[in-house]
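Single-structure report; data block below.
The values are calculated or read from the model by the stated rules, or taken from the named source; none is laboratory data. Please read these numbers as outputs of a predicted model, since none were measured by experiment. Positions of Cβ are generated from backbone atoms using ideal geometry, with glycine treated the same way; all protein chains shown enter the neighbour counts.
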Amino acid sequence: MDELAYWVGFNKVLGIGPARLRALLDFFGGVEEAWHADAASLLEIGLDRRSIDNLLKARRSLDLAGELERLQQAAVKVLTWDSEDYPINLRNIHDPPPVIYIKGELLPEDDWAVAVVGTRQASVYGKEAARHLAADLARNGVTVVSGLAAGIDAAAHQAALDAGGRTLAVLGSGVDIIYPEQNRRLAEQLVHQGALISEYALGTRPERSNFPPRNRLISGLSLGIIVVEAGARSGALITADFAAEQGREVFAVPGSIFQRSCEGANRLIQDGAKPVLTVSDVLEELNLSQITQQAEVRAAVPTTPIERAVLDLLSAEPTHVDELGRAADLPAPTVSSTLALLELKGLARQVGGMSYVLAREARVDYVVG
């Protein structure tokens, strides 16, 4: 049977999330072996009795071949930790989802993505700000990520589409169940200029508990997030928290101090989020002003072992060229030329005094070819 079937199977087992699945794969050596493991072996690695019972029940009841057929008929692609085209930004978060379902298409340029999120009860000001920012991001080659919710999310998706750009919607349900229903037409448009994405299996209803985990994927797919308008308890603030934990940049649009729907975004700015007045504030901070050129350089010049070695030594903290040379055991001219090429690719950035940082820390594992 196709190995993908076992990934899909595990994704439907209650109680086996990323950490437990990783432990199973490490112990048994592969997803198929883990799926067929006996109860005694599962107990040996510390799986609790309820999770074991759920797995044994799933093995008896699930038609794995039928699950793959269902996905194929729905034109849904499945990516797993083992997939080469699993999104690199998402791969680098803590406990990335073992399986993601995609309706539409993910492209390499979607690595350059920014999330635009906010309240469902958006004001006219909030919707206009979301449209303006999302459209400008799209015109600059940046993929817009959001959650397909009413209000700010829908405005951002629609603006990116109208500008001829790409947009990704992360759902708190299966990709075959659109919520809210009013955004069904938007979802149908979006599939042709991006993708619907979910870690939930087909048929999963939009339960309230699904949305906080969904938010971690929104930030995980993105290099940074913009909170446009959010109340004090908005789900957008959960996304901002995940973004901060994942090392992503958090931006917020200033709003009226008299409007409750702006309280959360204003509070983020007070707590250190970068205020956004124009899209240039985001492009400059994330080093996204030269996306086209960076993409062309990456496509033409694959990352070499030397570049890989230098990348592994870079972080958010500035490191001097001489220190990089000693650590990598490379001559100074080689390190300098390597850093120059990494700058062209948008992977490294000079911060003065011959010191360098990762342009985007989440991209440390980027390899082409």
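Observations on the structure shown:
- The residue of the stretch 104-130 that is farthest from Ser256 (Cα to Cα), among those that are over 13 Å from the mean Cα position of the chain (by Cα) and crowded, with 24+ Cβ neighbours inside 10 Å, is Val117.
- Residue count for the stretch 1-27 under the criterion of being of a type outside the set (Phe, Trp, Tyr), in contact with a helix residue (DSSP H, G or I) (Cβ under 7 Å, 6 or more places away or on another chain), buried (at least 17 other Cβ atoms within 10 Å of the Cβ) and touching a residue at least 60 places away in the same chain (Cβ under 8 Å): the result is 5.
- For the stretch 156-177, a residue qualifies if it is buried (at least 24 other Cβ atoms within 10 Å of the Cβ), among the aliphatic types (A, V, I, L, M), in contact with a strand residue (DSSP E or B) (Cβ under 7 Å, 6 or more places away or on another chain) and not in a loop (DSSP other than H, G, I, E, B), and the qualifying residues are Ala156, Ala160, Leu168, Ala169, Val170.
- No other residue among Gly141, Gly235, Gly151, Gly231 is modelled with pLDDT under 95, closer than 19 Å to Arg267 by Cβ and in contact with a Ser or Thr (Cβ under 8 Å, 6 or more places away or on another chain) apart from Gly231.
- The numbered conditions (1) farther than 13 Å from Val228 by Cα; (2) in contact with a strand residue (DSSP E or B) (Cβ under 8 Å, 6 or more places away or on another chain) are all true for Gln246 except (2).
- Restricting the stretch 72-92 to residues that are at pLDDT below 90 and outside any helix (DSSP H, G or I), the residue that is farthest from the chain's Cα centre (by Cα): Glu84
- Just one of the listed residues (Arg214, Arg184, Arg208) is farther than 16 Å from Ile102 by Cβ and either at pLDDT 95 or above or under 17 Å from the mean Cα position of the chain (by Cα) (or both), and it is Arg184.
- Members of the stretch 303-358 that are outside any loop (DSSP other than H, G, I, E, B) and over 24 Å from Leu286 (Cα atoms): Pro305, Ile306, Asp322, Glu323, Gly325, Arg326, Ala327, Ala328, Ala332, Pro333, Thr334
- If you filter the stretch 184-235 down to residues that are among the polar types (S, T, N, Q) and assigned to a helix (DSSP H, G or I), you find that the one that is farthest from Gly164 (Cα to Cα) is Ser209.
- Listed by first and then second residue, the pairs linking a residue in the stretch 170-189 that is more than 16 Å from Arg120 (Cα to Cα) to a residue that is charged (D, E, K, R) and surrounded by 17 or more Cβ atoms within 10 Å (Cβ to Cβ), with Cβ atoms under 8 Å apart and 6 or more places separating them unless they lie on different chains, are Val175/Lys103; Asp176/Lys103.
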